[in-house]
Amino acid sequence: MIQWLKDLMQGHAPAPVSPHLMEPGGGGGAAQAVDTDTPTLARQLALVIDLNVCVGCHACVTACKQWNTSGMAGPLSDVNPYAAEPTGTFFNRVQTYEAGSFPNTDTVHFPKSCLHCEDPPCVPVCPTGASYKREADGIVLVDADKCIGCKYCAWACPYGAREFDEASGVMTKCTLCVDRIHNPLLPEADRKPACVKACPTNARLFGDVKDPNSEVSQAIRERGGYALMPEWNTRPANQYLPRRVTPAAVAPSAPPSV
Amino acid sequence: LAEPNPTAQTTVKCTTCYMCACRCGIRVHLVEGDKGPEVRYIDGNPDHPLNQGVICAKGSAGIMKQYSPARLTQPLLRKPGSERGAGEFEPISWERAFDLLSERLAHIRATDPKKFALFTGRDQMQALTGLFARQFGTPNYAAHGGFCSVNMAAGMIYSVGGSFWEFGGPDLERSKLFVMLGTAEDHHSNPMKTALSKFKRAGGRFISINPVRTGYSAIADEWIPIKPGTDGALLMALLHELVRTDTLDHAFLKRFTNAPQLVVLDEGEREGLFAFDPDPAKGPPGDGRNPHNKLVFDRTSGRILNAYPEGIADGCDPALDAPPEGHYTLADGTRVVPAFALLRQRVLSCTPEWAQAITGIAADRIRLLAQELGHAALTQAFDLPIPWTDAWGKKHPTTQARPLAFHAMRGLAAHSNGFQTVRSLAVLMSLLGTIDAPGGFRHKAPYPRHIVPNYRAFNDPDMVKPNTPLNAAPLGFPASPEELAIHADGSPIRIDHAFSWEHPLSAHGMMHNVITNAVKGDPYRIDTLLLFMANMAWNSSMNTMAVRESLNRKDEQGEYMIPFLVVCDAFQSETVAFADLVLPDTTYLERHDTMSMLDRPISEFDGPVDSVRVPVLQPLGECKPFQEVLVELASRLKFPAFTTPEGGRKFKGYTDFIVNFEPQPGIGFLMGWRGENGDQHLRGAPNPKQWEAYAQNNCVFHYTLPENMHYMRNWNRDYLDFAKDKGWRQRNDPVQLAIYSDTLQSFRLAAQGKTKGRQPPEHLRERINTYFDPLPFWYAPLEDAAIDLKAFPLNAITQRPMAMYHSWDSQNAWLRQIHSHNYLHVHPSTAQAAGVADGGWAWVESHWGQVRCMLRYSEAVEPGTVWTWNAIGKGDGAWHLAPGSDEARKGFLLNHLISEELPLPQGAGAPAGAKVSNSDPITGQAGWYDVRVRIRPAEPEEAAQSFPQVDTMQPVPGVRGGVAQVMRFFAGKSKP
């Protein structure tokens, strides 16, 4: 188990950690050596999200919602759906950040869902065993029948990826559309998470990050994929591909005049 | 746990999305619920050419539109004695609604047909709605293009024969540099996202020029912030640089544009027009529609030649510039000069330094940008091994790529200088040869059209006659003052003043003027206004509160100034409250529709595509598709096109009409599976099983042209012949690019009093003379001259949220969680100077009005600009949202700050206090991006809610309702 969580569960203060939201270049797949007693799985399904092409359209957000509200994990409730302060359960959300100062501003659209950590802090804190990680494919799930809604897992998750469903009183989260990807009733081409199928920019890649020949592993290798907050040692399975800038093909022909 | 989910066992039906105007192919997965099929899931159709399986946030939220509590379910009539706007209705039957409406319309049609006005909003069936108006006999018809994008459409079509979005776009698959100026991110939606992603991954360079960095701009390799309304200055400076450095596609300019054609310099009625060969065999002179009779100066022989085909024969070298003496001389002594020489002269003063002061973009950056453009188009050019033959029979062994692509939309269009700005972009693309070239701008069938298109708008006041169809469609493309829709005294024929001297080229009509003009009785009062899917009492009007007041205004007799207002909508919109008669429309999942080649098809670069919607669910309650309503009314009113020679009803309903109506023999609304056996495409006899054929084929028909017709279609002999044969164009003439617009000059000559034909009224002469410049130029947005710029120093604009489509998504339970309210986004330095804190309440004031809203700091906006999301704010209680919802209390519209009219500059003959629409003086495009504002903090004691507020709209009878505090939607198991 990751050290800071051990400390926490044993009543010690955790080591200070970086508050940085993103730490580009720190991940590089599963190569990072960490102090862990969690067995490394042979297969780990995950999403790799390409921030170089995400335009923040929210297609993944509502595609996820519509599939999952009527699926295995649903319904995903909506509170005040037609009144003030509407809120609801969404497994996937897109946040938008600005970085830098005008005019050198970057606007980053950042889709975020459960990262299906290889060492998921949400699992050991669960008092009922409702939160668990599947050995077959590495997906982290919540068994709604066992969940008592204590929210320990939400507190443990450093990424804020858990979604407490107010109406059902249980914790929910991204399932990687486990009821799609292994569903023999669906055509082969449709056995992908709903968000991946929907994404108009194909910014969401899906596959086994333990298979070095998979599309996701290649993308991580070739495009500098990184994990979020590696210093937390959760070994997130999901990774992100950074922005790449294509520079001008011509240089100024004369020194800039002032 | 990983048991297969039984919900995968669904029925799948294909149709076409209408959560926005993108029109993607979708698969609707249905499960049985306790009251029949329910929508479990909507995904993109992988076999559809437009979206190839992807879907956006709106499309994925279609379920919440289908089951919205704001759905109207029955026709409603305003209660006798109740005030309009109070929303007091009684439910009536369709039979009564039809009786009432057909009686009223029959009376208008038999007496004064122009007193009926039909204006539609986000209508995608203008071939039908336009036909309805034409058959009725009223010129008062338009859709929403007049405030959406007519500057983009007209500016491009009058210059290169096609425009961005539906009728053409950037060929990113083959491009190396992509420059996007402004945009509206559903024009184009999923195809643009997909193409951008592939382009970037292939190493293409993407530059965004925009005051704001959001959406697509976020992933640009470089963001160049610009002040709103100044893109034209940037483009003129780029033209200056390209011309100065001779970064031009000379061969292209000489063969495929009017750049070498000789323009008359001598003063008089031919001044500024192209000189032409008077031989009638060369075609009629000077109407801008005939390229064959113009002249060029051949530098090889030193002679004046016919431009075509002599001037482009092998060995000829048409001059682009004037000789040292400044002009050439025709045999009759007329002094002439190549059009390009006039452009060179025009751009001379448009230096990067000049543009820097206007745009805020450094002059050096402008110079570098010009180099980048030239490098991409000319240095990085390559050939595709595709032979083609041009209009004059020359065989080109390969097709030359010009890998420089542009896209633009709202940021250029919605300014009152938008037409000339778009013209400057079109001319820039033409100088670099990127028109219908691989990697550049490419057309989509049925475009390119002629310049000017051979579609003349109705313009004969004597043809507005009782019980008589118009002799032309209400909308079209005027080519000269003779084609304006005006009376002999120069006054407008139409209620919206479209195609008048105020806005001569208003090709999409001017819906934004209708209510204001009708209430003023300018030029006349009307009786009945029918609105379809247009939220004129809210976000679709400039100066919303004044329009709401206008809808309620009465004359001295106590009658409403607009006596009868009919509103057709699927939802309880703000405008529904003002209706006298409400017609409940269906959703897109409950109806048939066509995306037709007669109208707005979804064509691809490689060939025409049309598509349909078919119902996948039964209509809710008594909802009826608006198309069915129109066909029913047209039949009851016995319009000739809807009536048999014996006087009987010609079409059973909409689907029957679509199959059997033929504007030309063999050509109908749908081009696929024609012929009695369904084995003919593009042209053929009606097929009674055509709908079934579409339904069996993903609701789409895609005709892939042979490769030799994929490019250079303005001049592609095989394509032009093919397109004429299939009825997409009336002639097979090549479409020469209008570097110089003699069409515009013909209006200017009239304004200068140099022509014998129609001339503008005195007070509009200077306006026409100024803006109808045959060469592109930049001028400041017109609002600048009407207000104190020092008092209102900031530009205010909106951006289109990708997860929302106007007001029609405010009732969507999932989408409104993404945008339930909006903020004004302001650069920190600007906000701090005004003393407003991040997140604080502020007043935003224009010369015309004020709103109170919340403000957010942003580094992603040019400091002289403030912006917000479009159409998020709602009237309290509208769209069946609970009173006090975020949309009403925290959301706001920028519309309240914008005037629908501007004072006419006081000059010769201008009546005192005369006003004119706040629109582009050429096209009538609403200038809603021109508004200037200032900000100040709200006082601590002021209410923390947006201003203005309107009275709470009460639920109308029959509105679907059924709102719970917690919704747990699960298709097939529980009712939503």
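None of the figures in this text is laboratory data; all of them are computed from the coordinates on show. Since we're looking at a predicted model, the values are computed, not measured. Neighbour counts are summed over all protein chains in view; Cβ atoms, including those assigned to glycine, are modelled from backbone coordinates with ideal geometry.
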Quiz item: Hey, what do the phi angles of segment B:116-128 turn into as Karplus ³J(HN,Hα) couplings, whole Hz, using 6.51/-1.76/1.60 and θ = phi - 60°, x for Gly and Pro?
Solution: 10, 10, 10, 10, 10, x, 7, 7, 10, 9, 5, 5, 8
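Within segment A:39-118, report the trypsin sites (Lys or Arg not before Pro) that DSSP leaves as loop and that have at most 16 other Cβ atoms within 10 Å.
Values: sites: A:ARG43, A:LYS65, A:ARG93, A:LYS112; in loops: A:ARG43.
Here the sparse-neighbourhood loop sites are A:ARG43.
Nearest 5 is fine: what % of DSSP beta bridges in the protein assembly as shown come out antiparallel, could you say?
Numbers: 96 of 139 bridges.
Around 70 percent antiparallel, to the nearest 5.
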Quiz item: Over chain B, what relative contact order in percent results from Cα pairs under 8 Å that are six or more residues apart?
Solution: 18
Quiz item: Full extension from B:ALA251 to B:LYS198: what is 0.36 nm times the residue separation minus their Cα-Cα distance, to one decimal in nm?
Solution: 15.9 nm
Quiz item: How far is helix B:94-111 tilted off the main Cα axis of chain B, in degrees rounded to 10, range 0 to 90?
Solution: 40
Exercise. Measure nothing fancy, just the Cα-based angle from helix B:150-160's long axis to the longest principal axis of chain B, in degrees from 0 to 90, nearest 10.
Key: 30
Quiz item: Between B:HIS487 and B:GLU622, what length comes free when the chain is fully extended (0.36 nm per residue of separation minus the Cα-Cα distance, one decimal in nm)?
Solution: 44.2 nm
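Of the cross-linked pairs A:LYS197/B:LYS198; B:LYS79/B:LYS520; A:LYS65/B:LYS973; A:LYS197/B:LYS193, which ones have a Cα-Cα span greater than 18 Å in the structure shown? Intermediate results must be reported in sequence, preceding the final value.
Details: A:LYS197/B:LYS198 16 Å; B:LYS79/B:LYS520 26 Å; A:LYS65/B:LYS973 16 Å; A:LYS197/B:LYS193 14 Å.
Exceeds cut-off: B:LYS79/B:LYS520.
How many percent of DSSP beta bridges within chain B run antiparallel, rounded to 5? Write out the running numbers ahead of the final one.
Numbers: 73 of 113 bridges.
Looking only at bridges with both residues in chain B, the antiparallel portion is about 65 percent.
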Quiz prompt | Percent of Cα pairs exceeding the 60 Å cut-off, where the set is chain B | solution = 5
Quiz item: Which whole number gives the average, over all residues in B:853-864, of C-beta atoms from other chains lying within 10 Å of the residue C-beta?
Solution: 3
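Hey, what number do you get for chain B at 222 nm if only DSSP H runs of n ≥ 4 count, each worth -39500 (n - 2.57), divided across all residues, to the nearest 500? If you can, show how the numbers build up before the last one.
Numbers: 26 runs with 222 residues, N = 976.
Helices in chain B give a 222 nm mean residue ellipticity of -6500 deg cm²/dmol.
If we sort A:231-241, B:938-948 on the protection proxy, mean other Cβ atoms within 10 Å, highest first, what's the order? Walk me through the numbers before you get to the answer.
Details: A:231-241: 24.1, B:938-948: 13.1.
Descending mean neighbour count gives A:231-241, B:938-948.
In debye to the nearest 20, how big a dipole does chain B give about its Cα centre with +1 on each Lys and Arg Cβ and -1 on each Asp and Glu Cβ? It would help to have the intermediate numbers written out before the result.
Values: 97 positive and 105 negative charges, 228 e Å.
That gives chain B a dipole magnitude of about 1100 debye.
Mind listing which trypsin sites (Lys or Arg not before Pro) in segment B:410-483 are in a DSSP loop and have 12 or fewer other Cβ atoms within 10 Å? Could the numbers behind the result be given before it?
Details: sites: B:ARG410, B:ARG423, B:ARG442, B:LYS444, B:ARG449, B:ARG456; in loops: B:LYS444, B:ARG449, B:ARG456.
When the trypsin sites (Lys or Arg not before Pro) of segment B:410-483 are filtered for loop state and at most 12 Cβ neighbours within 10 Å, nothing remains.
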Exercise. Go through B:PRO461, B:GLY360, B:GLY81 and say which Cα lies farthest out towards the positive end of the charge dipole of chain B; charges sit on Cβ, +1 for Lys and Arg, -1 for Asp and Glu.
Key: B:GLY81
Practice problem: At 0.36 nm per residue, minus the direct Cα-Cα distance, what do B:ALA685 and B:GLU942 gain on full extension? Give it in nm, one decimal, please. | Solution: 85.7 nm
Practice problem: Using label points projected 7 Å from each Cα along Cα→Cβ, tell me how many nm separate A:GLU188 and B:GLU269, to one decimal. | Solution: 7.5
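So, R0 is 60 Å and r is the distance between the beta-carbons of B:LYS724 and A:GLU85; what FRET efficiency does that work out to, to 0.05? Can you show the working numbers first?
Details: r = 59 Å, r/R0 = 0.99.
According to the calculation, E is roughly 0.50.
When the dipole is taken about the Cα centre of segment B:155-285, and only Lys, Arg (+1) and Asp, Glu (-1) are charged at their Cβ, what size is it in debye, to the nearest 20? Before the final figure, lay out each step's value.
Numbers: 14 positive and 17 negative charges, 166 e Å.
It comes to approximately 800 debye.
Can you give the charge dipole size of segment B:700-834 about its Cα centre, rounded to the nearest 20 debye, using +1 on the beta carbon of Lys and Arg and -1 on the beta carbon of Asp and Glu?
Working: 15 positive and 13 negative charges, 71 e Å.
Its charge dipole is roughly 340 debye.
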Quiz item: To the nearest 10 degrees, how steep is helix B:363-374 against the longest Cα principal axis of chain B, on a 0 to 90 scale?
Solution: 80
